[in-house]
Amino acid sequence: MSSRLPSINHPPGRNVFLVDDDADIREALSALLTSVGFSVTAFSSVEELSQSGTLHEASCLVLDVRLTGQSGLAFQSHLIRERIKVPIVFISGHGDIPMAVRAIQSGAIEFLTKPIRSQDLIDAIHLGLERDGQRRAVEAAEQSIRDRINSLTPREHDVMSHIVMGKVNKQIAHALGISEPTVKAHRGQVMRKMDVRSLAELVRLVDGILNTTA
């Protein structure tokens with residue numbers, strides 16, 4: 001069974017998930033990480049972690065390479081295929097250089113060999129949390145932009161598509177078969193809803209997002 005160690009007032013984004021099939025190691029590492037302020041949830045296998053339905057809550061994953069059932073490296077490949085983005089710190093008592101290279105090339109934060117130096121593990125997790133925080137911040141900003149785009153009416157969306165192509169009101173009116181005053185009104189609504197004050201700001205805001213937003 002997974003074990004949630006007691007945690008009080010842990011800051012958001014400090015959820016460390018630990019997967020190791022050795023109960024003594026799980027207990028020792030969980031105690032260590034909890035003592036320095038991480039919120040730790042421990043699992044005996046990646047199958048147990050997957051079945052918990054809580055992987056999306058992880059900010060960093062400490063993962064043993066050799067496990068009963070699916071291996072840590074195989075699970076890393078699975079996460080990549082599923083586009084589940086969580087920083088991974090690998091730990092292993094049997095690691096070799098090719099294994100470590102494969103893990104790092106696939107995006108792992110670190111590959112640590114047991115017995116693990118406590119500070120090395122803590123430093124690696126801090127790096128993983130930092131990267132996860134940066135990713136979440138970017139995704140939140142992009143979602144905010146998507147929300148603003150989705151607040152536009154279909155006609156406002158059409159007008160914005162032409163605006164960011166650099167077209168003036170007369171060109172937009174001709175392309176959409178509407179009057180220039182109507183384009184001007186829609187343009188004003190677009191700028192208000194997107195919370196921008198200039199064309200340049202609008203273009204920067206929606207660059208790379210407009211074409212992928214339904």
*Return the total of residues in region 143-181 being within 16 Å of residue 199 (Cα to Cα) and assigned to a loop (DSSP other than H, G, I, E, B).*
5
*Return the only residue of 35, 52 being assigned by TED's automatic domain parsing to the domain that holds residue 117 and farther than 15 Å from residue 126 by Cα.*
52
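Among the residues of region 1-16, which ones are at pLDDT 95 or above and assigned to a loop (DSSP other than H, G, I, E, B)? Show your work before the answer.
Our first condition is that a residue be at pLDDT 95 or above; within region 1-16, this holds for 16.
Matches in region 1-16: none.
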*Output the residue which, of all residues in region 76-94 that are without any contact (Cβ under 8 Å) to a residue 40 or more places away in the chain, surrounded by 13 or more Cβ atoms within 10 Å (Cβ to Cβ) and not in a loop (DSSP other than H, G, I, E, B), is nearest to the chain's Cα centre (by Cα).*
79
*asked:* Six or more apart or on different chains, Cβ atoms under 7 Å: show the pairs whose first residue is in region 153-174 and surrounded by 17 or more Cβ atoms within 10 Å (Cβ to Cβ) and whose second is part of a loop (DSSP other than H, G, I, E, B).
replied: 160/152; 173/179
_Every residue in region 17-70 that is more than 22 Å from residue 113 (Cβ to Cβ), in a loop (DSSP other than H, G, I, E, B) and of a type outside the set (Val, Ile, Thr), please._
37, 53, 58, 59
*Unique residue being charged (D, E, K, R), over 20 Å from residue 131 (Cβ atoms), assigned by TED's automatic domain parsing to the domain that holds residue 126 and in contact with a Leu (Cβ under 8 Å, 6 or more places away or on another chain) when the list is 26, 102, 66*: 26
*Give the residue, chosen from 108, 140, that is within 15 Å of the chain's Cα centre (by Cα), aliphatic (A, V, I, L, M) and part of a loop (DSSP other than H, G, I, E, B).*
108
_Can you tell me which of (1) more than 26 Å from residue 17 (Cα to Cα); (2) part of a helix (DSSP H, G or I) is the one residue 130 doesn't meet?_
(1)
*Tally the residues that are hydrophobic (A, V, I, L, M, F, W, C) and in contact with a Pro (Cβ under 8 Å, 6 or more places away or on another chain), restricting the search to region 116-163.*
2
*Would you pick out the residues in region 95-105 that are in a loop (DSSP other than H, G, I, E, B) and surrounded by fewer than 16 Cβ atoms within 10 Å (Cβ to Cβ)?*
96
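The values are calculated or read from the model by the stated rules, or taken from the named source; none is laboratory data. These figures come from a predicted structure and were not determined experimentally. With ideal geometry, Cβ positions are generated from the backbone for all residues, glycine too; neighbour counts draw on all protein chains shown.
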